[in-house]
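Beneath this line is the structure, given in structure tokens, with notes to follow.
The values are calculated or read from the model by the stated rules, or taken from the named source; none is laboratory data. Bear in mind the structure is a predicted one, so any value in this text is a computation, not a measurement. Here the Cβ is made from the backbone with ideal geometry for all residues, glycine too, and neighbour counts use every protein chain on show.
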Amino acid sequence: MAARLYGRAAHAEGRERTDLESFIEALKSSPLFVNAVLKNVEVGTAGDRSGQRFEATFDVIMAPDAAVLAEVAADTEGGEP
């Protein structure tokens, strides 16, 4: 299932970067998501806080239900579910 996330990552006090890059890397390394891409990053301010507005796209891996997993496990082990 394709997903699109819009958000704003605020700069922490005393830091010039947000954690946006590490957030996208976590999406990329997760077994629950594939094709994670960071798009349309814009630096800006809201009030007295600076940060980055962003768009990220990714595909969500749909997990099979427990009955399917049990059947696959039984087939792999050579037993009955």
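Is it the case that the range 43-51 has a residue that's among the polar types (S, T, N, Q) and under 17 Å from the mean Cα position of the chain (by Cα)?
Of all residues in the range 43-51, those among the polar types (S, T, N, Q) come to 45, 50.
Those left that are additionally under 17 Å from the mean Cα position of the chain (by Cα): none.
No, the range 43-51 contains no residue that is among the polar types (S, T, N, Q) and under 17 Å from the mean Cα position of the chain (by Cα).
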Filter the range 6-24 for residues that are under 12 Å from the mean Cα position of the chain (by Cα) and surrounded by 14 or more Cβ atoms within 10 Å (Cβ to Cβ); the one that is farthest from Ser50 (Cα to Cα) is Ile24
Within the range 31-60, residues of a type outside the set (D, E, K, R), modelled with pLDDT under 90, on the phi < 0 side of the Ramachandran plot and loosely packed, with under 13 Cβ neighbours inside 10 Å come out as Pro31, Leu32, Val43, Gly44, Thr45, Ala46
When you look at Gly44, is it in contact (Cβ under 8 Å) with a residue 24 or more places away in the chain, closer than 12 Å to Arg8 by Cα and in contact with a Lys or Arg (Cβ under 7 Å, 6 or more places away or on another chain), yes or no? no
Filtering the range 19-47 down to residues that are of a type in the set (S, T, N, Q) and either farther than 24 Å from Asp59 by Cβ or assigned to a strand (DSSP E or B) (or both) yields Asn35, Asn40, Thr45
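Based on what the data block shows, is Ala73 at pLDDT below 80 and either more than 21 Å from the chain's Cα centre (by Cα) or of a type in the set (S, T, N, Q) (or both)? Explain how you work it out, then say what you get.
Details: at pLDDT below 80: yes; either more than 21 Å from the chain's Cα centre (by Cα) or of a type in the set (S, T, N, Q) (or both): yes.
The answer is yes for Ala73.
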